[in-house]
Amino acid sequence: MNASSQTLGQLESARSLALGDGRYYPTIIPGVLPIIGANANATLEIRRWGADFLAETFASPTWPSESKESLGLTVLPTLLEYLEQVEDTGVIKSAVQAAASIYPLIYRHIISDAHDTQDWQLMAAIKSNILRRMDLAPPGVRICCVKFVQQVVLVETPGIVDPRRPEQNDISLALVPRDHPLIPYSTLEAEASGLLDRLLDIVHGDHSDALLVTATLNSLGMLIQRRPYVTNKILSSVLNFNPLKLANSPMTPKNKVMMKSMERTTRALLMNVMKRNPEGPFNGRIQQYLERMHRMRLDVFDESNRKRPAPVEPTDGLDPAKRQRLGANIPSAPPSVPPLPPGPVSFRELFTLSPDGNTANFDVQVFRDPEQLLRIIVPILQSIDETKLGNAINIVRSRYLALSKAQPRTAIDTAPAATLVAVDDEEEYEPDFEPEDAEQIANKLDSTQPDSLLPERVSDARLAPYKLPQAPPLTEQEIQKYGDSTVRRVFGMLSALDDSKAKGTKGGFNRLAASNNDRDSWATILSRLATRAATGLEDSGDDIKMEFNSLSKKGNLALAEMIREAIYNYIIYDWKKRIDVAIRWLNEEWYNDRIQIEAMRTAAKDATNGDAVRTAEPKGNYQRCTLKLMDGIMAFVEGTDKVLLRFISEIPELDRDLLNRIKKMAEDPERIELAIMVFQYLYMFRPPVRQVVVEVLEDMWRTNDRAKPSAKKLLVKWKPGVLYEEVKNETANGALEVKAI
Amino acid sequence: MSADPRLARSRPQHQQPTPVPPPPPPPPVDAQPSSMMALDGTDDTSGPRDGVAPDGSFKLKFCTVCASNQNRSMEAHLRLASANLPTISFGTGSLVRLPGPTISEPNVYHFNSTTYRAIHAELTQQNTQLYTQNGLLNMLSRNLSIKSYPERFQDWVPGKPRLDHAGDQGAAGTEAGVVDVVITCEERCFDAVLDDLHNKGGKLNRPVHVINVDIRDNHEEALVGGKAILDLALSLNEAAGKEREIHGEGGWDSGGGAARRGFDERVPEILAAWQERWPNMPALWSLAWF
């Protein structure tokens, strides 16, 4: 004994070392095993200590399960010896606890090392020893066996395989390969199922043994949490459990304590289940069960003194001899439902199942307050019996099917039935996935039929931006061609718009150019396209390319030239009506020329520090276009076309060349008056060109005899000196003549 | 005769800060006024034999639990520790709540970090007279002599060694961080403990008896409750000790009679016998798992 207590002291100091730091366990266990282990012939005291130590060691959270796994293999013989040779409750209890902790570790070891037959045989021997004790051992040992069995069920049932959150430490059947030589998948599955049945049998067995019942109930919680595959089975079983069954037996203090305790333990388990899964499918039934238990408990504990104990409810629902069948699950025949009335059927009739008309006539709109309605609806929805609801849905379904067979329905009629079914389906949990990305959508589209049967609705996700594939670069000719056709189409549109002459009010200066779909807008757009589209490009290079002869080389400039040509043709086609387009165009040309000259000057200044290179300013497009248009128009102008007056007055710049055209026009005697009017107008209203006008007029007066009288009238006012000189000449000539005469 | 569970439910929940200032602080542990026991209707003679667990023998490890780990669990902690039983204690509330100047202004502290000493200092500074009068300061000075800070049951990791608690009263024997019996002082705490043990998942595979003893949350009741819990603990400890003595050849298979039965299965009857002695403290029990 003395030696024994000495040894115990040494062992105890080793243990405190390990308690101080879990990392010492791997070194301490090999040292301790020879003292406590198999063949050590140790005393009972030391074996008790050893069993307790092993249970504590392998339960300890202070060292990792990987080291536990390898060391677990070394203690198997010791555990087996404890179980087979020691007849002491304390030792057995602790040994079973240790086995419960070790079993998952050995199991995982065997999964990865399929050839370690020896260790698995040891473990299997321990397991069968423990399972044998399940029914015969004293209750204190049996509860430990229950926990061991729970561990076996836990690891031999498939766990949650959630790819989003792979649980490395959850040792479960999911880790076992199907063809494992030592532990075949199907055998494990069957064993787990059988063992779970044994656990559940304890709950429904002898209720006088509250120790076992509560121990089992408290061990089931973890299985419900972590093994959804068996949740259903366990909960159905627990919900059929009646913890107050003992109420029939004499109400001894002990029975009362046991009943209350079992009831409370069941409640704690079910509350935990509901708390962990507030949306669980069982919650309605659990709620009902708890309420029923609560009432029964009040009955049992209040009235047991005055009355006979409450009749015990049958748990299986099959015992007809009992007076009351309180919470039994009696398979109820589907309630009879009145057939639909013949003829056309309203939706209300289709959905009305209750033969009692009162509920059907109830108008929900009496609830003005939606809050109030919510308070009523939510508890009702929670208390709906699943089977009843299922029945009701089926009845409506079959009614609907019958109806749709009887008479082909329109699409509108099918809608409510569809929603009825849909409501059922959409109750299902739908995790919130991130919106699909473009690739997923693309995959989806790929998987659809190649003959482009698009899905009716791809998804609710927002569509990824679709990028058109890059087109092959166009050749210059193509650019020319397409540009040409585009421009032609715009002019086609312009001509079409000519016809609709509905003139809106003018916007004044504040309007935006080209913001309406009318002729003016398009004309503006076109003229700006012609004048400015290529401007940036022109800027970037040298000045020469502004010259007309270089244009043909440049695609863009050629395009601008082409637009100019088109505008020209468009105007000439009906020049009187389209003179406003001409004016607008020429104004744009002039404006653009100014901009160009401005830009060129600053560029030149920047380049040469000022004065040196004053390149000849480009002539620009304005003058060229104006003269060309003028020449074009002149062929058609008649003496009465005062619209020419407007044209001349509104174009921004006039020069001698242009006025010479007018002078030339006056060679036609019918158009002399028109030319005179132009000159007169310009003299009066365009002072900058007054000098030029007078000179041109003078020229005309000198060279054009027919125009002389009209020109003379003006020159009398503007430049009488010329006339005077002429008179002198005349008189000189006359004198000559006179002389001659 | 026995307590009415309905009354137990409808009873005002007193573990919350009580509006009425509790009576003067409890007398020292050893001085148990016999008048109080008489008032309580308890029968001292049928209680535990000598009130202290014998040294050197096997001892169950205990854990006492109330809402804030201040009054009832600490009173019981002191009793059990003084009786030489390994004891630790916890609260199941979300926070430590103590009565404040008014009912709507309780003093609230965090578990596991605020020491009894710090709370004592703060309340002394806040209103020495009030907290002396309602017994809080006295209670806190008792508590700080037992351990350093209130601990929350839900934050406890069973099986994690508690060597850092070596200075606490009753720490001897609880180094491994597990206990054999958890005694709660209120049904709410009992439910919370079972719920939390479900959440912890029973990873240690170690059985634990969870027992509830309903005690109202005031100083006198805590005192009486502490005595009752000690009574229960000694009864359980004795039964457990007896189990350790029964061993040897042919032990269980051939055994018979109540004396030979093991500790665990005797818990219900021990509890029932205890309930007869303490009828005002309705008891519940469950075998749960660490």
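What is the set of long-range amide H partners of residue B:152 at a cut-off below 5 Å, with H atoms built 1.01 Å from backbone N?
When sequence neighbours closer than 5 places are left aside, the close amide H contacts are B:91, B:112.
Considering every residue in B:161-168, what mean count of other chain Cβ atoms within 10 Å of its Cβ is obtained?
Across the residues of B:161-168, the mean count of other-chain Cβ atoms within 10 Å is 2.
If you place +1 on the Cβ of every Lys and Arg, -1 on the Cβ of every Asp and Glu, and leave all else neutral, what size is the dipole of the stretch A:198-297 about its Cα centre, to the nearest 20 Debye?
Here the stretch A:198-297 has a charge dipole of around 200 debye.
Using the beta-carbon distance between residue A:706 and residue A:480 and R0 = 60 Å, what value does 1/(1 + (r/R0)^6) give for FRET efficiency, to the nearest 0.05?
FRET efficiency, residue A:706 to residue A:480: 0.80.
Hey, can you rank A:75-81, A:362-368, A:124-130 by average C-beta count inside 10 Å, highest first?
Descending mean neighbour count gives A:75-81, A:124-130, A:362-368.
Mind checking the mean number of beta-carbon atoms from other chains within 10 Å of the Cβ atoms in A:258-268?
6
Give me the summed buried accessible area for the A-B pair, 1.4 Å probe, to the nearest 100 Å².
Result for this pair: about 4600 Å² buried.
With just the Cα atoms defining each centre, how far is the stretch A:229-289 from the stretch A:69-106? Give it in Å.
Using only Cα atoms, the two centres lie 32 Å from each other.
Counting only other chains, and only Cβ atoms inside 10 Å, what mean value do you get across the residues of A:216-225?
5
Short version: ³J(HN,Hα) in whole Hz for each residue of the stretch B:105-122, in order, from phi by Karplus 6.51 cos²θ - 1.76 cosθ + 1.60 (θ = phi - 60°), x for Gly and Pro, what are they?
Per residue, the Karplus-derived 3J(HN,Hα) values read 10, x, 8, 10, 9, 8, 5, 6, 10, 7, 7, 4, 5, 5, 5, 4, 4, 5 Hz.
What list of ³J(HN,Hα) couplings, whole Hz, do you get for the stretch A:370-386 from phi and the Karplus terms 6.51, -1.76, 1.60, once you set θ to phi - 60° and write x for glycine and proline?
x, 4, 4, 4, 4, 4, 7, 5, 4, x, 5, 4, 5, 9, 5, 6, 4
Hey, can you grab everything whose amide H is under 5 Å from the amide H of residue B:208? Only 5+ residues off in sequence or another chain; H modelled, so Pro and N-termini drop out.
B:288, B:289, B:290
Which pairs, out of A:68/B:147; A:254/B:160; A:481/A:664; A:260/B:147; A:481/A:605; A:127/B:59, put more than 32 Å between their alpha-carbon atoms?
Long pairs (Cα-Cα over 32 Å): A:68/B:147; A:254/B:160; A:481/A:664; A:260/B:147; A:481/A:605.
The values are calculated or read from the model by the stated rules, or taken from the named source; none is laboratory data. This is a predicted model, so every value here is computed, not measured. FYI the Cβ positions are ideal-geometry reconstructions off the backbone, even for glycines, and counts take in every protein chain you see. Accessible surface areas use protein heavy atoms only, side chains included; no ligands, DNA or RNA. Shrake-Rupley method; radii C 1.70, N 1.55, O 1.52, S 1.80 Å.
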